[in-house]
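J.: I have a structure I would like to understand better, so I am pasting it below and will then ask my questions one at a time.
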Amino acid sequence: MSGIRAITGFSRTVADLSVTEAFYQDGLDFQRVAPPEPVPDAQAEAMGLAGRQATQLRLRLGGQIVTFLAVEPPGAPYPADPAATDPFFQHLAIPVRDMDAAMAQLARFGAAPISRGGAQVLPASSGGVTAYKFRDPDGHPLELIFFPDGPPAQRWRNAPGLFLGIDHSAITVTDLTAALTLLTGPLGLTVAQTGLNRGPEQARLDGVDDPKVDVIALAPPVFAPHVELLHYRRPIIRRASPAPFGPADRASTRFIFAVDELEGLVWALRKAGLAPRASGDGSVAYCAAPDGHGFLLMNA
């Protein structure tokens with residue numbers, strides 16, 4: 001087998017690690033794993049960062065880790081006037097124990113809203129969750145989500161604290177068939193749930209007018225966190241795909257995947273028409289998906 005075993009973390013490029021740390025620690029209760037340190041050589045090579053100074057800061061929320069990268073010289077800034085329909089959109093979904101308390105804590109740190117009118121209670125046809133989307137200081141999207149019942153609520157029932165962890169990361173895709181072919185083919189994920197979300201609550205949550213969006217959950221063998229695809233049938237996507245951003249650019253967020261057999265997966269991705277880049281020692285590879293979303297692949 002050469003597919004994904006689990007999502008072991010996420011990686012985001014930011015402008016200032018100290019600003020990022022303050023926001024995620026004070027606003028969302030993340031905890032530092034280690035002091036800032038150079039990005040390992042093999043990872044920098046695979047991500048095309050050789051010749052740049054790349055520093056990483058790892059923060060933990062519950063059982064999940066997000067690695068923030070600061071790169072010098074920096075790449076492109078986060079685009080102005082971003083929207084949930086942009087091909088580079090990728091949010092991290094944080095389940096919370098109490099939405100009102102979570103919103104009150106977040107409000108003290110001036111997070112830019114994506115959602116209109118605060119947290120939204122979605123209808124049962126869209127999962128029945130309460131959710132709120134916003135942006136961190138660099139523009140990266142995040143989502144707070146409260147699960148009232150069912151398997152998701154059970155999955156997080158014993159997690160301590162107000163902000164419980166990272167349930168999933170959602171990416172906007174322009175070609176749903178191509179995304180599913182990649183993620184369920186060589187990457188080996190399984191479709192766990194499908195839905196078609198629409199209506200005024202979804203419009204307020206996403207900050208767009210009259211949305212109609214396919215929402216598809218894809219699970220690795222170790223389910224949480226998992227991948228979620230967002231495919232907007234409407235409104236029309238404004239920006240070209242694939243998104244022209246790489247690991248040095250601030251609009252870049254990456255999945256960190258543990259894989260069963262890296263060399264075989266790299267071969268399968270190349271056969272599928274992609275262009276993964278492996279480190280010289282074969283320990284890590286980086287691949288951009290059809291819409292530009294980043295996958296950092298490491299042997300389990």
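What follows is calculated from the coordinates using simple rules that are stated; it is not laboratory data. None of the values given here were measured: they were computed from a predicted structure. Positions of Cβ are backbone-derived with ideal geometry, glycine not excepted, and every protein chain shown enters the neighbour counts.
J.: Mind listing the phi-derived Karplus ³J(HN,Hα) values for the stretch 194-211, rounded to whole Hz, using 6.51, -1.76 and 1.60 with θ = phi - 60°, and x for any glycine or proline?
T.: Residue by residue, the stretch 194-211 yields 10, x, 10, 9, 7, x, x, 5, 5, 4, 5, 4, 7, x, 10, 8, 6, x Hz.
J.: Apply the Karplus curve 6.51 cos²θ - 1.76 cosθ + 1.60, θ = phi - 60°, to the phi angles in the stretch 28-35 and return the couplings in whole Hz, x for Gly and Pro.
T.: For the stretch 28-35, the Karplus-derived couplings read 10, 6, 5, 10, 5, 8, 7, x Hz, x marking Gly and Pro.
J.: Oh, and also: Quick one: work out the % antiparallel among DSSP beta bridges in the chain, nearest 5.
T.: Beta bridges within the chain, antiparallel portion: roughly 75 percent.
J.: If you take the beta carbon distance between Arg270 and Ala112 as r and set R0 to 30 Å, what does 1/(1 + (r/R0)^6) give as a FRET efficiency, to the nearest 0.05?
T.: So, using R0 = 30 Å, E works out to roughly 0.15.
J.: Please work out the C-alpha center-to-center distance from the stretch 89-128 to the stretch 220-253 and express it in whole Å.
T.: Cα centroid to Cα centroid, the span is 19 Å.
J.: When all C-alpha to C-alpha distances in the stretch 1-91 are sorted into bins of 5 Å, what percent of pairs does each bin hold, rounded to whole numbers?
T.: Per 5 Å bin, starting at 0, the Cα pair percentages come out as 3, 11, 20, 21, 21, 16, 7, 1, 0.
J.: For Ser18 and Arg233, calculate 0.36 nm times their separation in residues minus their Cα-Cα distance, and state this gained length in nm to one decimal.
T.: Length gained between Ser18 and Arg233: 73.5 nm.
J.: Could I ask something else about it? With a cut-off of at most 13 other beta carbons within 10 Å, and DSSP calling the residue loop, which trypsin sites (Lys or Arg not before Pro) in the stretch 177-252 qualify? Please list them.
T.: When the trypsin sites (Lys or Arg not before Pro) of the stretch 177-252 are filtered for loop state and at most 13 Cβ neighbours within 10 Å, Arg238 remain.
J.: Continuing with this model, one more query. Let me have the 222 nm mean residue ellipticity of the chain computed from DSSP H runs of 4+ only, each contributing -39500 (n - 2.57), with the sum over all residues rounded to the nearest 500.
T.: The per-residue figure over the chain is -4500 deg cm²/dmol.
J.: If you bin every alpha carbon distance in the stretch 90-234 into 5 Å steps from zero, what whole percent lands in each bin?
T.: Each 5 Å bin holds this share of Cα pairs: 2, 9, 18, 24, 21, 16, 7, 2, 0.
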